[in-house]
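The values are calculated or read from the model by the stated rules, or taken from the named source; none is laboratory data. Bear in mind that the values here come from a model prediction, so they are computed numbers and not experimental data. Cβ sites come from the backbone with ideal geometry, for glycine too, and all protein chains shown count toward neighbours.
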């Protein structure tokens with residue numbers, strides 16, 4: 001699942017289902033479940049159902065308040081959190 005076609009003007013992004021190898025190519029990647037220490041992940045089946053619900057839909061996008069990390073943590077934990085902006 002990837003959020004793509006981000007538009008600064010409409011502040012929306014479209015969710016797409018893609019193979020990981022299509023998105024990253026030859027670049028390195030890793031799974032980052034850093035919030036598992038402080039939050040309980042939902043069951044995998046529920047995460048997948050929630051993710052599939054958003055495929056081909058537009059979602060709100062804002063770097064500070066509704067970014068890609070917010071989106072995936074909402075799917076995984078039921079709560080959108082991100083420390084990407086504060087860590088930079």
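Please go through the stretch 48-68 and give me each residue that is touching a residue at least 40 places away in the same chain (Cβ under 8 Å) and part of a loop (DSSP other than H, G, I, E, B), ordered by number.
Across the stretch 48-68, the qualifying residues are 55, 56, 57, 61.
At pLDDT below 95, surrounded by fewer than 17 Cβ atoms within 10 Å (Cβ to Cβ) and assigned to a helix (DSSP H, G or I) - does that describe any residue in the stretch 73-81?
No: the stretch 73-81 contains no residue that is at pLDDT below 95, surrounded by fewer than 17 Cβ atoms within 10 Å (Cβ to Cβ) and assigned to a helix (DSSP H, G or I).
For the stretch 22-44, how many residues meet the condition of being touching a residue at least 24 places away in the same chain (Cβ under 8 Å) and either surrounded by 11 or more Cβ atoms within 10 Å (Cβ to Cβ) or within 26 Å of residue 11 (Cα to Cα) (or both)?
Qualifying residue count for the region: 5.
Look at the stretch 45-71 and say how many of its residues are surrounded by 16 or more Cβ atoms within 10 Å (Cβ to Cβ), at pLDDT 95 or above and within 14 Å of residue 14 (Cα to Cα).
2
Based on this model, can you work out whether residue 36 counts as on the phi > 0 side of the Ramachandran plot and either modelled with pLDDT of 95 or more or not in a helix (DSSP H, G or I) (or both)?
Here the answer is no, as residue 36 does not meet what is asked.
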